[in-house]
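**Q** Once you've had a glance at the structure underneath, I'll fire off some questions.
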Amino acid sequence: MAVRIVVVVGYFAVLLGIGWWAMRRARGTSEDYFIASRTTPPLVLFLTMAATNFSAFTVFGFAGAGWESGYAYYPIMAFGTGFMALTFVLIGRPAWQMGKEHGLVTPPELVYRLTGSPVLRFLFFLVMTVFTVPYLAMQPMAAGYALESLLGIPYFAGAALITAVMLLYTFRGGFRGVTRTDVVQGGMMIVLLVVAVAIIAGRFGGLSSANRAVMGDFPELFARPGLGNLYSPGIWFGYMLLWFLCDPMFPQLFQRFYAAKSPRGLTTTMSLYPLLTGFLFLLPVTIGVLGRLSFPTLPEGAAADRILPLMLAEHAPPAIEALVLTAALAALMSTLDSQLLTLSSMFARDVAGPIRQHLAGRKGKALPASAELPAWVGKAFVIALALIGLAIAYRPPATFRVIATQTFTGLAVLFPTVVGAIYWKRMSPIAAIASIVVGEGLVAAYYLKLLPRFGTLPVVPIVLVATVILVVGSLLHRTEPRYEPTWTPRTLSRRAIVGWAVAFAALFAIGNDVWNWGDGRISLLGFPWWVWMFAGLCVVTSGLFWILGRSLTRRNRDQSN
């Protein structure tokens, strides 16, 4: 127990030390506090993008999904999330350019700048906040599981402790502190998950022997539909589309588009992302599948999301167990701090700030646009959200996979409006508002089981309806362009755009390989052969992204000369 306490306390001390260091380097402005004055270098941007997106869901949720359904969950996440990085150029580059030129810090500010609609701005804030809170709650849930297994701390007390520590270093260091802790946390997560897989597999004679032993008792865990035929082709397609539409709408991920030092950081992140997902995501899924050897059924009262700490407690030495679960804490804290920091900036700049300007205007005391709110305003909102997250975590409503699927759909509804605002100057704000309101209404209807699923995830019909409303509404309610962008949406020739569109559409189609359904043949190290196929697709995706990034850089250089 002493070793475990030393590891956890030492980790907390490192995080608080980084927060103190970042506070000393702060420049005292909201832009520095929320996005580090747009100075984040490419490698740090990549690591903070990855760390903030890879959360408790990645470690605990993926392991739980591996135990529940098998290796079929790996390609859905690895290739689907890696392919999603294409949006770092489609949305990230114009967002970075607009942010740099107009001082934008939050996602709703971009929409407001492009459409001029304060209602649409507030609606974006509301949707992003409402659908981030359940995802936010998954982080203290996982913290409770980890500390309960590691130190014997009661579940909810552990959740509250982690939330308090995270609030402390976030308040002290802001975005600069968050990104530096992300580098530490991300590195810990990768290295120690590798160690965990090696130790657990070693207890069963190595990875190949362990996988073959699982296959003897649970062959469905190695087939494409997964155990219980969970992933039909329609469900598979829905998940692939869900990640592409929802991930860039995560407010904490979107805000990092502004923080890049240059567009090169975004293209570098896009290129490296599929390589990381292709490697990292296999690790927790493998632990979950191997969990069937020790826990063919789970102990009474234990959810599938607990399989990682259960396996570590069963097979790992105390020091390794402590380090790996601390890495899991790192994963969840790197997401939780970013979520709260971003929501704090949104409340301060998209709600409290405009209200303050309005009230001052009514009194005839117009404030300059650069006037900043006291820091406690955003921090008070963050504390309130943290308490709401803890309240949800007190009695978890579902597994991580179910919570994520439901909440991510609400964020995906925003995707058509963001793309329309960036690339279609005549998009109607009224049509965008209608698109979002109807889309979120359909999300609620699906949640209440009032609508059919059409053999796929709800995100497919919901976003389709939202897009149709946006397009038809904009054509019927034409508005004059409200802005003159200084960035050029078409940085490539029309022929190049068509070529890239065809290439990525073909790649996405291969990722939905219905011809392999039911195939459970195993290959190298006892993995299903298609696991290696999707690992290869992640490498191919990374290569294509690198070529695209080079083309964009070369084109921009030619245009500037």
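Bear in mind that the values in this text are calculations on the coordinates, not laboratory data. These numbers come from a predicted model, not from an experiment. So basically every Cβ, Gly included, is an ideal-geometry build from the backbone, and we count neighbours across all protein chains shown.
**Q** Using the count of nearby Cβ atoms within 10 Å as a rough guide to exposure, how do 390, 43, 90 rank from fewest to most?
**A** 43, 90, 390
**Q** In addition: With each label point set 7 Å from Cα along the Cα-Cβ vector, what nm distance links residue 9 and residue 551?
**A** It is 5.7 nm.
**Q** Follow-up question, since we're still on this one. Enumerate the aspartates and glutamates that residue 379 could reach by cross-link, defined here as Cα to Cα under 13 Å, with residues fewer than 8 away along the same chain left out.
**A** Answer for residue 379, where 13 Å is the Cα cut-off: 337, listed by chain and number.
**Q** Additional query: Spin-label point model (7 Å from Cα, Cβ direction): what's the residue 468 to residue 156 distance in nm?
**A** The answer from the label model is 4.6 nm.
**Q** A further question on this structure: How far apart, in nm, are the 7 Å Cα→Cβ label points at residue 494 and residue 540?
**A** Modelled inter-label distance: 3.0 nm.
**Q** If neighbour count is taken as other Cβ atoms inside 10 Å, put 217, 337, 32, 247 in order from fewest to most.
**A** Working: 217 10, 337 31, 32 17, 247 21.
The order, fewest Cβ neighbours first, is 217, 32, 247, 337.
**Q** Based on the Cβ-Cβ distance from residue 297 to residue 521, what FRET efficiency comes out when R0 is 25 Å, to the nearest 0.05? Don't jump to the answer; show the numbers that get you there.
**A** Details: r = 27 Å, r/R0 = 1.08.
In this case the efficiency is close to 0.40.
**Q** Continuing with the same structure: Which whole-angstrom value gives the distance between the alpha carbon centres of region 119-158 and region 48-88?
**A** Cα centroid to Cα centroid, the span is 18 Å.
**Q** Sort 66-78, 462-474 by packing, meaning the average of other beta carbons within 10 Å per residue, with the highest value first. Walk me through the numbers before you get to the answer.
**A** Values: 66-78: 26.8, 462-474: 19.1.
Highest-to-lowest ranking by the protection proxy: 66-78, 462-474.
**Q** Further question: For residue 130 and residue 198, calculate 0.36 nm times their separation in residues minus their Cα-Cα distance, and state this gained length in nm to one decimal.
**A** On the way: separation 68, 0.36 × 68 = 24.48 nm, distance 3.94 nm.
This chain segment gains 20.5 nm when fully extended.
**Q** Non-local amide H neighbours of residue 40 (under 5 Å, H modeled in plane, Pro and chain starts lacking H): which ones?
**A** Excluding prolines and chain starts, which carry no amide H, the hits are 261.
**Q** Here is a follow-up. Once you have the Cα-Cα distance between residue 319 and residue 101, take 0.36 nm times their residue separation minus that, and quote the gain in nm to one decimal. Before the final figure, lay out each step's value.
**A** Working: separation 218, 0.36 × 218 = 78.48 nm, distance 4.98 nm.
Here the segment from residue 319 to residue 101 would lengthen by 73.5 nm.
**Q** Ordered by packing density, taken as the mean number of other Cβ atoms within 10 Å over each peptide's residues, highest first, how do 235-246, 519-530 rank? Provide the component values of the computation, followed by the final result.
**A** Numbers: 235-246: 22.2, 519-530: 16.8.
Ranking the peptides 235-246, 519-530 by packing returns 235-246, 519-530.
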